[in-house]
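The values are calculated or read from the model by the stated rules, or taken from the named source; none is laboratory data. Nothing here was measured: the structure is a model prediction, and the numbers come from that model. Note: ideal-geometry Cβ built from the backbone for every residue, glycine included; neighbour counts use all protein chains shown.
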Amino acid sequence: MEDDAPVIYGLEFQARALTAQTAETDAIRFLVGTQSLKFDNQIHIIDFDDENNIINKNVLLHQAGEIWHIGASPADKAVLTTCYNKTSDSRVVSCAAVWRMPSDWETGSHESPDDSAHNPQTLELLCHLDDSAHSNAACVLWEPMGDGKRVISLADNHALLWDLQESSTQATVSSTATLEGKGQLKFTSGKWSPHHNCSQLATANDTAIRGWDLRTMSQIYCIENAHGQLVRDLDFNPNRQYYLASCGDDCKVKFWDVRNVQEPVKSLEEHSHWVWSVRYNHSHDQLVLTASSDSRLILSNMVSISSEPFGHLVDDEELSEGEDNHQEDKSKEPLKDSVVSTYEEHEDSVYAAEWSSADPWLFASLSYDGRLVINRVPRALKYRILL
Amino acid sequence: MDGEAVGSEAVSEDSGPGRRHRVHGMLKLYYGLNEEGKAEEQPESLDPCDINGPHFDPELFLNKLRRECSLAELMDQETCMVKQIRSLDSDMQTLVYENYNKFISATDTIRKMKNDFKKMEDEMDCLSANMAAITEFSARISGTLQDQHAQITKLSGVHTLLRKLQFLFELPARLNKCLELQAYAQAVRSHRRARCVLQQYSHLPSFKGIQDDCHAIMDKLAQELRQKFRDGGSSAKDLSECVELLLQLDEPAEELCDKFLSHAQSRLESDLQGLEAEIRPYPSASAMKDASGHRLSSTAAAGSPTYNSPKTSTIPSPTSNTDILEFIDRGCNEFVSSLCLVITSYQELFINHAQKGELASKNIPQMANGKLNAFVDDLAARYFSLVERRIQEEKGVADNSLLVRALDRFHRRLQAVTKLLPGSAVPNQGTEIVIRAATERVKQYLSALQSFYMDSLTDVRQALATPRLSVASASVAGGGAHLGGPASGRDAPNSLPELLSSLSASILNQIKSVLASVHLFTAKDITFSNKPYFKGEFCSQGVRESLVVSFIKFVCQSSRQFCESAGDKGGSTPPALLLLLSRLCLDYETSTISYILTLTDEQFLVQHHSPVTPVTTLCAEAREAAQKLLNHYVKVQGLIISQMLRKSVETRDWVNTIEPRNVRAVMKRVVEDTTSIDVQVGLLYEEGVRKAHSSDSSKRTFSVYSSSRQQARYAASYTPSAPMDTNLLSNIHKLFSERIDIFSSVEFNKVSVMTGIIKISLKTFLECVRLRTFGRYGLQQIQVDCHYLQMYLWRFVSDENLVHFMLDEIVGSSAHRCLDPAPMEQSVIEVICERG
């Protein structure tokens, strides 16, 4: 049961932004946004051929500026959002916009793969997610599993809920929430909860995590000092509505039950530097992926706080006779929280990691030097979860 | 005669050895009784010249005189002898004359006696005749008196009988009188004497009446005795007398036992109440009193009116906080001794007595024994509960000897009960109480040690909080700051090693004193120290495991808590304390733990029957704690510096900044802080090994920076044709250098600690730089700052290449993030940095 070797893809530019193409459920596809101050920035569409272990890439130009955050629409494969920096007159401005990929990017690449790098197509701007009062967007969040009509942008200390109309060419702010407090408060990250009919949002600013009710745009909970230092990222457990994972500059990954914000349910300290990203597997919430600036990616198996703490409940009838003994052997082993594996393919800080939306056993990670690594969950573990 | 006189003269005149012999002989003669006959006769028989001797030979004497003496001497001899002869003659004549007269009168007397005897003989004959007549008369008289004599004898017999009857008739009155006089013993004795007779003749009406009277009186007497018996005021001796009498009156023994015990109980209970009053008010005390009140009233219903005497003592006495020794003393003197007294008298009355008499057949001793045991167990249980409550109040650990002495006394006095009641469980329960008290005490000592440790830590914390030397004064100039750093920094935290040594010394002293206190429990002169528990389990499990080992574990654990609880903000625990504790734990690992355990084992002669925690486990734990603390220290210090760097990067507009003229103040601050941390760590930890410096390390730092490679990197960045080059170079570098773990475990030495701190700081710097965009002068400022850091930080770390590499990354990253990457001339950078 040898595991497949990781697949590595190198970008020419430095990169921080990575997302899976959420609306695509057949092909394994990731989008990467580059950061370059001198050249036109690009969005790389990475297609992974699982059968042959081959990567196909397509490049689209993103001429507006260097990309800090990227988000794919859950409804329309071709629509995505970016947060980018624009420099003009020795001023740096952060903006956010909704884009559409040109319809023929795929066909174009097939026809002339050699040309694609030299002659890339350009993204089509649908609308800006900025108004005069609010700028400096840190990230843009799509409504999970929505129809691609609603997004939230986090700009400075505001959370703006946008309605996209006219096939996303027009965006209007439907409501806003503002973080009040002394000093210059700034949202660093956020996550739209897939639970409660998508009416909740969690944000991070400095060391605190806050929950918001989007219907009233008011705060519903606050975890003060969730981390010793900056909170870098958040993610919701896809199956347990009150469970939330966070990571930050204190090298820790913490798991919270938002009904009791005094103490984390669980805390991991496996990384030796800041943890920049934490992601639950969409199907099997015991699998948690974390990326850190210690150049490592860690896959943890958090069985005890998952939605399947006693393993996958399998009906006995489903098991064939031959598998019976096998099953018993497995069930004897106690399931414990553990680090499944540590991936050391990166040489620089890993700022982003994402699960594939098509294959739940596959994930990508991106380090600052532009290296994208695609890995799989070890087969042994995969079978143990499935069987 | 003449010759004799001459001879005696000659002897007296004689001189020389011969004379001496003779004098000697005479002395011998005089003391002849003490000498042997042979010795005294020989000189006399041998000397014929001795004029006084029996073998005197006048011829020889004369010849001898003539031969030996001169004429004049002879003449003198002669006159002397003549004189002597004359006086002898006259003496002789006087004697003869005197004795003659006596002979004459003696003859006359004898003649007269002859005549008188004849007369006496006649008279004697007459007398014998008379005597014969008298005998005859006497025989005749006695013959006549024979009848009367028999009659008199009979009469006297009747008299005696009448006397006895009189006694019987007078008995009721006598008994009444005895009753009045309270001479119960006499009454009982009298009654016992009459009882059989009365019983025998009870069919006669008169005797029946007497018997009834007696019975009535004796019932009354018994009643009175019982009354007295119940009377609380009577002493134990009176009481036993009562019981004895009642037993003689055929009272049922079982009832008596019960009464005796219930009476004793009421008295002992008053003792217990007194003891209880000594104990400070206790949450459930009122409830307990209620319960005991019920008990008392139930006994009162049974007939004892004396139960209210203890009630007076239920009022909490104001002197409730007497010390435990007094309390135990009181318990021993009042309760235990009266209990012993009760047991003794009870046994005397009901068991020993009964065994002799006819009562033995009725199984009385067994019954009495059973009752006694139940009684003693019940009371002892209550006494024990009181003692335990009092012991529990003994919270202060100041004077252990008092408690030990109290327990010893408690235990010792219970031995008396053992002797009296060999089968009783009471002494064992007492021993259990002592054991419980000892374990409890050990626990208290543990918590006292723990709080002492925490207090010492608070003291240390305060000592550390006293204002440290402000670094600002040293930061007049960059170079000056660096040179002045170590010197001036030494003033402030110089107390660190002192604090450490005083802390560990005071903890050790405390442990020793606690061990000494606990050791009292096993002292030779303490009665319970030879119980198997105190010989074995107490030493190994009690003292070694739950006191010493637990304390060491506590130290390690509390140290670890410093890392965890304060971990998030890092602010609450001063870093110096972390450093100090880490060193403390390390010292524990290397020596202190084994020392303490050896000390304990020696003092308590521990024989390990059960498995005990080995030294190595504790050492490993201490080492782990030390490691954690040191790691945490590195983290906290690194964080402090990181925060400075982060703020400085985040708050500045790097695009629109002016051309750098100075090293930014924050960098100077970083160097100063690093220097003072270096001094601080150096106070407690050894230098450690570092990779060999090249002969001119500081020079080389410049050369690295001015290397063409750096220039090439910048150049490459803005050569449109080759965007890959930038990554290539740094990737090649990374391929050949080891991965750097930022928050990794450090070793126990200064260099490793400093390396850790600097790594954390520089990595933060790098990450912050990557999040910003720079203008031309922004990049140049970073260049200047990095060069400055380079100049000062390399000396702190184990491998200077590490600093080079990380600073290289920072400059490289900022060049990447630069809109207009035009690096500053190396020489200019150097000038700026030299200027400070």
Discussion item. When the residues of the range A:348-387 are narrowed to those that are hydroxyl-bearing (Ser, Thr, Tyr) and touching a Leu at 6+ places or on another chain (Cβ under 6 Å), which ends up farthest from A:Pro144 (Cα to Cα)?
Written reply: A:Ser365
Item to complete: Report yes if some residue within the range B:808-815 is touching a helix residue (DSSP H, G or I) at 6+ places or on another chain (Cβ under 8 Å), outside any helix (DSSP H, G or I) and more than 24 Å from A:Trp68 (Cβ to Cβ); otherwise report no.
Response: no
Item to complete: Pull up the range A:337-365, narrow it to residues that are of a type in the set (A, V, I, L, M, F, W, C) and within 14 Å of chain B (Cβ to nearest Cβ), then point me to the one that is surrounded by the fewest Cβ atoms within 10 Å (Cβ to Cβ).
Response: A:Ala352
Worksheet item: Within the range A:212-234, which residues are away from every other protein chain (no Cβ under 14 Å) and either buried (at least 22 other Cβ atoms within 10 Å of the Cβ) or in a loop (DSSP other than H, G, I, E, B) (or both)?
Response: A:Trp212, A:Leu214, A:Arg215, A:Thr216, A:Met217, A:Asp233, A:Leu234
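Could you tell me whether any residue of the range A:377-384 is more than 12 Å from chain B (Cβ to nearest Cβ), under 19 Å from the mean Cα position of the chain (by Cα) and within 19 Å of A:Asp50 (Cα to Cα)?
yes
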Discussion item. Can you confirm whether B:Lys759 is away from every other protein chain (no Cβ under 14 Å), modelled with pLDDT of 85 or more and over 29 Å from A:Ser90 (Cβ atoms)?
Written reply: no
Discussion item. I'd like to know if the range B:780-799 contains one or more residues that are crowded, with 19+ Cβ neighbours inside 10 Å and within 14 Å of another protein chain (Cβ to nearest Cβ).
Written reply: no
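Looking at the range A:84-92, can you tell me whether even one residue there is within 14 Å of chain B (Cβ to nearest Cβ) and at positive phi?
Yes, the range A:84-92 contains a residue that is within 14 Å of chain B (Cβ to nearest Cβ) and at positive phi.
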Response to the item:
Taking the range A:18-39 and the residues there that are in a loop (DSSP other than H, G, I, E, B) and either in contact with a Lys or Arg (Cβ under 9 Å, 6 or more places away or on another chain) or within 11 Å of chain B (Cβ to nearest Cβ) (or both), the one that is nearest to A:Ser293 (Cα to Cα) would be A:Ser36
Discussion item. Which of the numbered conditions does B:Glu251 fail, given that it passes all the others? Conditions: (1) out of contact with any helix residue (DSSP H, G or I) (no Cβ under 6 Å at 6 or more places or on another chain); (2) modelled with pLDDT of 70 or more; (3) surrounded by 13 or more Cβ atoms within 10 Å (Cβ to Cβ).
Written reply: (2)
Worksheet item: Within the range B:165-195, how many residues turn out to be more than 60 Å from the chain's Cα centre (by Cα) and loosely packed, with under 13 Cβ neighbours inside 10 Å?
Response: 2
Worksheet item: Is there any pair linking a residue in the range A:50-71 that is on the phi > 0 side of the Ramachandran plot to one that is not in a strand (DSSP E or B), with Cβ under 7 Å and at least six apart or on different chains, and which?
Response: A:Asn53/A:Asp4
Practice prompt. Identify, by number, the condition in (1) more than 14 Å from chain B (Cβ to nearest Cβ); (2) assigned to a strand (DSSP E or B); (3) of a type in the set (Gly, Ala, Ser) that A:Ala15 doesn't meet.
Written response: (1)
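Yes or no, residue by residue, for (1) in a helix (DSSP H, G or I); (2) out of contact with any strand residue (DSSP E or B) (no Cβ under 9 Å at 6 or more places or on another chain); (3) modelled with pLDDT of 75 or more:
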residue: B:Ala492; (1), (2), (3): no, yes, no
residue: B:Pro497; (1), (2), (3): yes, yes, yes
residue: B:Leu500; (1), (2), (3): yes, yes, yes
residue: B:Ile507; (1), (2), (3): yes, yes, yes
residue: B:Ser517; (1), (2), (3): yes, yes, yes
residue: B:Phe521; (1), (2), (3): yes, yes, yes
residue: B:Tyr533; (1), (2), (3): yes, yes, no
residue: B:Phe538; (1), (2), (3): yes, yes, yes
residue: B:Arg544; (1), (2), (3): yes, yes, yes
Worksheet item: Are any of the residues in the range B:455-470 part of a loop (DSSP other than H, G, I, E, B), modelled with pLDDT under 75, β-branched (Val, Ile, Thr) and over 22 Å from B:Leu578 (Cα atoms)?
Response: no
Item to complete: Being closer than 23 Å to B:Glu834 by Cα and either surrounded by fewer than 20 Cβ atoms within 10 Å (Cβ to Cβ) or of a type in the set (Phe, Trp, Tyr) (or both) is the filter here, so list the residues in the range B:633-677 that pass it.
Response: B:Met644, B:Ser648, B:Thr657, B:Ile658, B:Glu659, B:Arg661, B:Asn662, B:Arg664, B:Ala665, B:Val666, B:Arg669, B:Asp673
Discussion item. Tell me whether the range A:212-230 contains one or more residues that are within 25 Å of A:Ala364 (Cβ to Cβ) and of a type in the set (Lys, Arg).
Written reply: no
Worksheet entry | Counted residues, the range A:369-387 - those being farther than 12 Å from A:Asn301 by Cα and either modelled with pLDDT of 85 or more or part of a helix (DSSP H, G or I) (or both) | 12
Discussion item. I'm trying to understand the selection: among the residues of the range A:51-83, which are more than 14 Å from chain B (Cβ to nearest Cβ) and touching a helix residue (DSSP H, G or I) at 6+ places or on another chain (Cβ under 9 Å)?
Written reply: A:Asn56, A:Lys57, A:Asn58, A:Leu60, A:Ala78
Worksheet item: If A:Thr81 passes every condition in (1) buried (at least 18 other Cβ atoms within 10 Å of the Cβ); (2) modelled with pLDDT under 85 but one, which one does it miss?
Response: (2)
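Condition check ((1) at pLDDT below 75; (2) in contact with a helix residue (DSSP H, G or I) (Cβ under 7 Å, 6 or more places away or on another chain)) across all residues:
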| position | (1), (2) |
| --- | --- |
| B:Gln355 | yes, yes |
| B:Lys371 | no, yes |
| B:Ala374 | no, no |
| B:Arg382 | no, yes |
| B:Leu386 | no, yes |
| B:Arg389 | no, no |
| B:Val397 | yes, yes |
